[in-house]
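Reading through the structure tokens given below for one structure.
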């Protein structure tokens with residue numbers, strides 16, 4: 001009963017605060033394989049309020065019963081563990097694990113509005129910093145650059161479609177980049193101009209659990225994207241997965257890679273909106 005109570009509280013909060021949209025985020029930091037470069041990427045899915053509810057229903061009905069419980073007795077989806085058969089998923093056959101992935105893709109296609117991924121090769125970021133060390137503070141690290149650009153791409157897509165409504169930005173609590181995300185989002189939240197630009201209501205960090213299964217969606221997108229990149233750069237692996245094609249053909253997806261030039265542009269934008277000053281200190285004034 002606790003699980004259902006928490007789920008209803010999350011959805012009730014959308015109703016109480018008049019939130020029309022939810023964006024859930026995931027990130028990846030890949031060390032790379034022979035023939036590929038290490039990358040950082042941020043993936044996100046945009047759900048309408050009703051779409052978020054629909055995803056949860058589909059997850060509970062079709063996917064959760066197939067998930068083996070973890071050590072805490074929770075039925076949690078993790079792309080790496082599920083697809084590669086790690087930890088609690090080791091008890092499942094390949095066909096069973098791929099069935100879970102396929103159902104996850106179905107739920108995303110049926111309920112999400114837009115998928116976005118912004119990535120950056122670490123060599124591109126290193127090139128930018130080597131040319132101008134001050135950019136590390138002015139633009140932020142690779143994750144910061146990708147996260148802000150991801151938010152901008154979603155806002156831009158909404159504007160292009162003339163879609164209105166406030167957004168709740170949701171991140172996985174306890175992830176390695178939580179502190180960085182909290183700094184970035186906290187500053188945006190104090191800027192009336194940026195809040196308007198990004199259709200901002202608020203942001204939150206929530207535990208990756210059955211209570212907010214929407215967080216599982218960008219995890220799958222990020223995993224399948226990085227796997228497709230590795231396979232494309234290393235055809236000798238002989239691995240061919242169809243999940244990414246299914247996702248990107250099912251609903252609109254926007255994928256963008258940042259370059260060393262993008263880091264410089266990011267620093268100028270940060271200065272323009274007051275996210276950093278000329279000394280490179282991250283700050284923002286309350287308006």
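Before moving on, here are some points about what is shown:
- Note on the chain: helix-only mean residue ellipticity at 222 nm, from DSSP H runs of 4+ residues weighted -39500 (n - 2.57) and normalised by residue number, equals -15000 deg cm²/dmol.
- Given the choices (1) 40, 19, 14; (2) 31, 25, 16; (3) 38, 32, 16, semi-axes √(5λ) of the Cα gyration tensor in Å derived from the coordinates of this structure is entry (2).
- Spatial extent of the range 14-129: Rg and Dmax, with the Cα atoms as the point set, Å: 17.1, 51
- Here each label is just a point 7 Å from Cα along the line to Cβ, and for residue 246 and residue 61 those points are 1.8 nm apart.
- FRET efficiency, 1/(1 + (r/R0)^6) with R0 41 Å, evaluated for residue 237 and residue 160 via beta carbons: 0.65
- Two-site FRET efficiency, residue 110 against residue 204, from Cβ-Cβ distance with R₀ of 30 Å, rounded to 0.05: 0.75
- Put simply, when 10-23, 133-146 are sorted by average Cβ atoms within 10 angstrom per residue, most first, you get 133-146, 10-23.
- Set against the 2.2 N^0.38 Å expectation for a compact globular protein, the range 147-287 has a Cα radius of gyration ratio of 1.21.
All of the numbers you see were taken from the coordinates with simple rules; none came from a lab. Quantities reported herein were computed from a predicted structural model and do not represent experimental measurements. A quick note on method: Cβ atoms are made from the backbone with ideal geometry, for glycine too, and the neighbour counts reach across all protein chains shown.
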